[in-house]
């Protein structure tokens, strides 16, 4: 049994740890230097500025999180030990109830994430050669139909 709840400042360290484990498990195109360089943006940016929701087990342990900016899903990370157990789907469904049809950008080099979103009803709307910060990590832009 899991729950989805708003994040609090006390969650930040646990969520950053989930982000690190998840990125290391799923983003093989990033070097360790890339990951290290992204930590401040996640810790002091995304986890502070986004509307962040936590997926937690019955004991309150964080299993994953998502960050929303309006109806844009800016982040969805599940601890690798809990991946494939429905947590990501529950988070997307929760976000859709809150915000209506969603948009999301996925790293082109992360085919599992692209497959996940396509299976959830997202459709490809475009592509960018670089990520939002101009780094050479192409993005696939997706949107949910209304």
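When residue 68 is tested against (1) touching a helix residue (DSSP H, G or I) at 6+ places or on another chain (Cβ under 9 Å); (2) in contact (Cβ under 8 Å) with a residue 40 or more places away in the chain; (3) within 22 Å of residue 17 (Cα to Cα); (4) surrounded by 13 or more Cβ atoms within 10 Å (Cβ to Cβ), just one condition goes unmet, and that condition is (2).
Checked against the criterion of being touching a strand residue (DSSP E or B) at 6+ places or on another chain (Cβ under 6 Å), in contact (Cβ under 8 Å) with a residue 12 or more places away in the chain and more than 24 Å from residue 118 (Cα to Cα), the candidates 56, 75 yield just one match: 56. Please verify whether residue 121 is at positive phi, in contact with a strand residue (DSSP E or B) (Cβ under 8 Å, 6 or more places away or on another chain) and surrounded by fewer than 19 Cβ atoms within 10 Å (Cβ to Cβ), treating the condition exactly as stated. Spelling it out, residue 121 is indeed at positive phi, in contact with a strand residue (DSSP E or B) (Cβ under 8 Å, 6 or more places away or on another chain) and surrounded by fewer than 19 Cβ atoms within 10 Å (Cβ to Cβ).
Listed by first and then second residue, the pairs linking a residue in the range 86-111 that is surrounded by fewer than 17 Cβ atoms within 10 Å (Cβ to Cβ) to a residue that is assigned to a strand (DSSP E or B), with Cβ atoms under 6 Å apart and 6 or more places separating them unless they lie on different chains, are 94/4; 101/144.
For the range 117-132, what are the residues that are under 15 Å from residue 74 (Cα atoms) and in contact (Cβ under 8 Å) with a residue 24 or more places away in the chain?
Of everything in the range 117-132, those that are under 15 Å from residue 74 (Cα atoms) and in contact (Cβ under 8 Å) with a residue 24 or more places away in the chain turn out to be 117, 131, 132.
Restricting the first member to the range 10-32 and to residues that are in contact (Cβ under 8 Å) with a residue 12 or more places away in the chain, and the second to residues that are assigned to a loop (DSSP other than H, G, I, E, B) and surrounded by fewer than 18 Cβ atoms within 10 Å (Cβ to Cβ), the beta-carbon pairs closer than 7 Å and six or more apart or on different chains are 29/109.
Read-outs throughout are calculated quantities, based only on the coordinates presented, and are distinct from any laboratory measurement. The shown structure was predicted, so the numbers you read here are calculated from the model rather than taken from an experiment. Cβ: placed from backbone, ideal geometry, glycine included. Neighbour counts: every protein chain shown.
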